[in-house]
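Comments concern the structure below.
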Amino acid sequence: MRRFLVGPVHPGTEIELPPGESRHASKSLRLQTGAKVVLFDGAGAEWDGEIVQIDGPRVVVRVAAARDVAAVRRFTIAVAVPKGNRLDWMIEKLAELGAAEILLVRFHRSVAAAGKRPRLERLAAAGAKQSGRARIPTIGGAEFKELLERVNGGCRVASPGAERTLVQAGAELVVIGPEGGLTPDEERELAARGAERVSLGSHILRIETAAVAAAAVCAQL
C-alpha cells in the first residue's frame, strides 16, 4: 500500500493529507476514493487508512487502527560531509537503511559544508517513505569537539586496517571521517573516550560508501 507522511493522528478520525502528500496521491499516483493507504508520522507510529474524499488537490483519509511496528535497533552515523550531490545520495540511503540519526561532523580535514537542512530532511523523509520505514532519521550538525561528548564504549570508528570488523564489534554510533582521514589528534581523542577502530573491509571507501556500508551492517545486528 502507498505510504503518506502525516502528523500525529487518532483512529476513527478523518484527516486531510498535507499539501505535498495530497498532490502525490491525487496527481502522481492517481489514487481513487476507497484506496487503502498507510499513514506514518516519521517518529515510529503507523496507521491503516482509506481515502474517503478527493476534491481537486485535497485528499481526505479516514484513519483506521494503528499498525504494529516491529522494534528496530537504533544507531547513529556520524559522518564527514561528502562533496556535491554525493551528500544527497548518502542521506537518502541512510534513511532507507534505518539510521535513527545522521550527524554531519566537521573534522579538521573536512572540505565540504553541509547542505541546507530542510532539503536534507526532505530527502530523509523520501528515503524512509520509499523503504517502508516508520521512523525518519534526525539530521544534525556538529563540530568534532561536540562529537566527542557523545563518544562512549558503543562508538566505532571506521578505519582501514583495523583488526576487528564492524560486524564483529557492533555499534551504537559509527564515525566516518573525511576523505583526508582523521588527524592523529582526532584518533587519539576518540580512542581516549572509548571509541574502537573497526574495519569495513579490505578496501578504502569513499565517505558516502563507507557510511552506507556501516548502516547496512548496523541494521542487521
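The charge dipole of the stretch 2-66, taken about its Cα centre with unit charges on the Cβ atoms of Lys, Arg (+1), Asp and Glu (-1) only, comes to about 300 debye. Taken one residue at a time, the phi angles of the stretch 56-71 give Karplus couplings (6.51, -1.76, 1.60, θ = phi - 60°) of x, x, 8, 10, 10, 10, 8, 7, 9, 6, 5, 8, 6, 10, 5, 5 Hz. Gly and Pro are set to x. Between Glu143 and Arg86, the modelled labels are 2.5 nm apart [label points 7 Å from Cα along Cα→Cβ]. Along the axis of the charge dipole computed for the chain (Cβ charges of +1 for Lys and Arg, -1 for Asp and Glu, origin at the Cα centre), the listed residues Gln32, Val72, Leu94 are led at the positive end by Gln32. Annotation for the stretch 1-79 versus the stretch 142-221: alpha-carbon center distance of 36 Å. For the chain, the alpha carbon positions stretch 61, 32, 29 Å along the principal axes, listed from largest to smallest.
A convex hull fitted to the Cα coordinates of the stretch 129-221 yields 117 cubic angstrom per residue. Under 5 Å between amide hydrogens, built in the peptide plane, is the criterion, and for Val37 it picks out Gly49, Glu50, Ile51 among residues at least 5 positions away or on other chains.
Loop only by DSSP, 14 or fewer other Cβ within 10 Å of the Cβ. Give me the GluC sites (Glu not before Pro) in the stretch 51-156 that pass, ordered by residue number. List each step's numbers first, then the result.
Values: sites: Glu92, Glu96, Glu101, Glu121, Glu143, Glu146, Glu149; in loops: Glu149.
When the GluC sites (Glu not before Pro) of the stretch 51-156 are filtered for loop state and at most 14 Cβ neighbours within 10 Å, Glu149 remain.
Summarising the overall dimensions of the stretch 2-66 from its C-alpha atoms, the Rg and Dmax are 10.4, 30 angstrom. Peptides 127-137, 19-29 ranked from most to least packed, by the mean per-residue count of other Cβ atoms within 10 Å: 127-137, 19-29. Scoring 52-65, 153-166, 208-221 by mean Cβ neighbours within 10 Å over their residues and listing the highest first yields 208-221, 153-166, 52-65.
Values quoted throughout were computed directly from the atomic coordinates according to the rules given, and no laboratory measurement underlies them. Computed from a predicted structure; not experimentally measured. Methodologically, a virtual Cβ is constructed for each residue, glycine included, from the backbone with ideal geometry; neighbour enumeration extends over all protein chains shown.
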